[in-house]
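Worksheet: one structure, shown below.
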Amino acid sequence: MKPWQGLLAAGGIYLAGITGNLLVQKERAVTRALSLVTDRGIINIGAGCGRTFVSRHYCDLPEVVVNIDLAVVPGCPKCLAVDLEKAALPFGDLEFDVALASHVLEHLPSRADCERAVRELQRVADRVYVAGPSRQSVIAWLVPGHHLWVEEEGGVLYVEERTWWSRAAGRDPREWDGLR
């Protein structure tokens with residue numbers, strides 16, 4: 001085997017591992033959201049219906065009442081287009097048991113936008129469950145559309161604007177309580 005073939009193989013194995021980790025994170029997020037459902041269901045934020053088989057599977061779960069994304073996805077009957085940066089969700093207060101935001105809030109441009117979005121999710125659901133990419137993922141560092149690090153620990157949401165030096169400087173989160 002030539003050295004470049006070994007590097008290519010190692011890169012492929014690494015990417016497969018990252019993809020597997022993402023699927024595990026999404027499965028944990030959905031499982032946690034499902035465990036919190038009583039009778040009003042889940043609002044799935046940043047659903048990505050139809051982008052992958054896995055996202056389509058989650059979008060079609062009977063507990064998912066509505067899937068929110070930037071654009072309506074053809075063939076997704078429960079999909080509604082809403083840009084959380086620009087508009088409020090068209091639902092009443094506490095209309096859902098759970099708002100699930102899996103791998104979506106890190107795409108918002110600022111902490112203030114993220115805080116507004118989370119407050120809106122808190123308005124429409126009893127509980128908000130957030131999942132995002134890990135700082136240990138090289139891919140997460142390189143995705144240009146990721147503007148924030150968003151982590152939930154013990155019911156507290158930590159949001160940090162992403163900079164190349166933030167990892168070296170340590171976490172200086174802005175936290176707010178009330179994440180239900």
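The values are calculated or read from the model by the stated rules, or taken from the named source; none is laboratory data. The model shown is predicted, which means the values in this text are computed figures rather than measured ones. Quick reminder, even Gly has a Cβ in these numbers, built from the backbone with ideal geometry, and neighbours come from all protein chains shown.
Check segment 123-141 and report whether any residue there is among the small types (Gly, Ala, Ser), part of a strand (DSSP E or B) and in contact (Cβ under 8 Å) with a residue 12 or more places away in the chain. There is at least one residue in segment 123-141 that is among the small types (Gly, Ala, Ser), part of a strand (DSSP E or B) and in contact (Cβ under 8 Å) with a residue 12 or more places away in the chain.
One residue stands out in segment 101-112 among those that are over 15 Å from residue 83 (Cβ atoms) and of a type in the set (Gly, Ala, Ser): the one that is surrounded by the most Cβ atoms within 10 Å (Cβ to Cβ), namely 102.
Being assigned to a helix (DSSP H, G or I), among the acidic types (Asp, Glu), in contact (Cβ under 8 Å) with a residue 40 or more places away in the chain and surrounded by 20 or more Cβ atoms within 10 Å (Cβ to Cβ) is a property that does not hold for residue 115. Here residue 140 meets each of (1) surrounded by 13 or more Cβ atoms within 10 Å (Cβ to Cβ); (2) modelled with pLDDT under 85; (3) within 27 Å of residue 80 (Cβ to Cβ) with one exception, condition (3). Scan (1) charged (D, E, K, R); (2) part of a helix (DSSP H, G or I); (3) modelled with pLDDT of 85 or more for the single condition residue 167 breaks and write down its number. It is condition (3) that residue 167 fails.
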